[in-house]
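S.K.: Here it is, the structure in full.
The values are calculated or read from the model by the stated rules, or taken from the named source; none is laboratory data. Being a predicted model, the structure only gives us computed values, none of them experimental. Neighbour counts run over all protein chains shown; Cβ positions are idealised from the backbone, glycine included. Note: accessible area is taken over every heavy atom of the protein model, side chains too, but ligands, DNA and RNA are not part of it. Shrake-Rupley method; radii C 1.70, N 1.55, O 1.52, S 1.80 Å.
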Amino acid sequence: IFFRVCPRASNSLHLTSCAECLSGLAGFASPSVGMASFEAAAHHYNQMHADDDLDQYEPTKRAQMLQEQFKTAEQKFDSLVQELHIPFLDRKLYRKYFIAQQSERNLECLLSIVDALHEHKNHTLKLLKCIFEREQVVNVIKVMASDYAKGKLSTLEVQTKVLQLLYSLQRITLRIVEAIQQWRSRLTRPYAFEWRGINYIFKIIKDCQFIDTCDLNAILPLQLSTYPLCSNLSSLSLFGPQSIGSQEPGQRQGIAITYPMKVNKKTMIPQVSQEFQQRLQRAEVAIYSEHNLQTNLMKEL
């Protein structure tokens with residue numbers, strides 16, 4: 001009975017080496033122990049050793065599960081690195097340390113990398129949405145510059161509309177520059193955020209240079225080449241939406257502007273908060289530091 005109850009008893013040596021089973025057998029052999037004690041002892045044997053047969057196969061099953069999980073995670077990894085154009089060096093690094101050798105620890109690391117890539121993808125999509133909005137504003141400014149050069153628009157009309165567009169351009173460009181910095185924060189190096197094959201920070205500089213050199217410069221000397229976020233134009237807030245929800249924290253509510261604008265003592269000019277002004281200046285520094293940043297990166301690579 002003992003030999004059948006205990007799966008460990010594959011040979012005679014086990015009969016004397018399994019202390020737990022021998023103690024149960026001693027209880028069963030005692031004349032004072034009844035059938036209930038036997039059933040309790042048998043239940044103890046079975047509970048202690050029920051998984052022994054499975055233990056022999058557990059390593060194989062765990063290895064199979066690990067291999068399947070690795071395969072799924074690696075497929076997600078490959079898909080994301082292609083979508084996000086992850087640099088070659090980063091891909092090679094991940095494969096060498098987390099994919100080449102399959103282990104539970106490496107699987108955990110690989111899953112963490114996949115999660116981080118998903119988050120990186122979300123940041124990328126948000127950035128692309130902001131860029132789409134900014135490009136619309138830039139295109140409208142270019143059209144207005146062309147129409148003004150052809151004499152289709154009056155000076156006052158152009159000044160008013162362009163300044164309103166510059167207000168929108170300032171806000172969306174600030175969001176983009178800050179988002180690119182956040183986008184880079186999880187990368188191993190400060191790689192460029194490319195849009196249609198060009199570093200988008202350089203695209204911002206190029207747009208500013210265009211506005212400064214087109215026909216609009218004669219009526220709006222904005223100095224965007226020096227101040228790409230118009231940090232020198234504190235009155236630009238006059239030309240933004242006057243709804244409370246669209247204002248920066250701490251900014252006072254302004255009044256509706258009509259043109260020709262009539263200014264009197266009661267006119268209230270929206271105030272730009274010091275914090276927002278500092279954000280603009282930090283973003284401008286980041287824009288003009290981009291060239292050196294990318295030059296140093298290329299030397300490092």
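S.K.: Share of region 49-196's accessible area from carbon and sulfur, percent, 1.4 Å? Please report the intermediate quantities before stating the final value.
M.R.: Values: 4690 of 9160 Å².
Answer for region 49-196 is 51 percent, counting heavy atoms of protein chains only.
S.K.: Packing-wise, with mean Cβ within 10 Å as the measure, how do 104-112, 177-185 rank, highest first?
M.R.: Details: 104-112: 15.0, 177-185: 16.7.
Top to bottom by mean Cβ count within 10 Å: 177-185, 104-112.
S.K.: Now a separate question. Which pairs in the list Lys71/Lys96; Lys76/Lys203; Lys76/Lys121 are over 23 Å apart, alpha-carbon to alpha-carbon?
M.R.: Values: Lys71/Lys96 16 Å; Lys76/Lys203 32 Å; Lys76/Lys121 12 Å.
Long pairs (Cα-Cα over 23 Å): Lys76/Lys203.
S.K.: Also, quick follow-up: Provide the per residue accessible area, probe 1.4 Å, for region 57-124, rounded to a whole number of square angstrom.
M.R.: Working: 4820 Å² over 68 residues.
Spelled out: the 1.4 Å probe surface of region 57-124, per residue, equals 71 Å².
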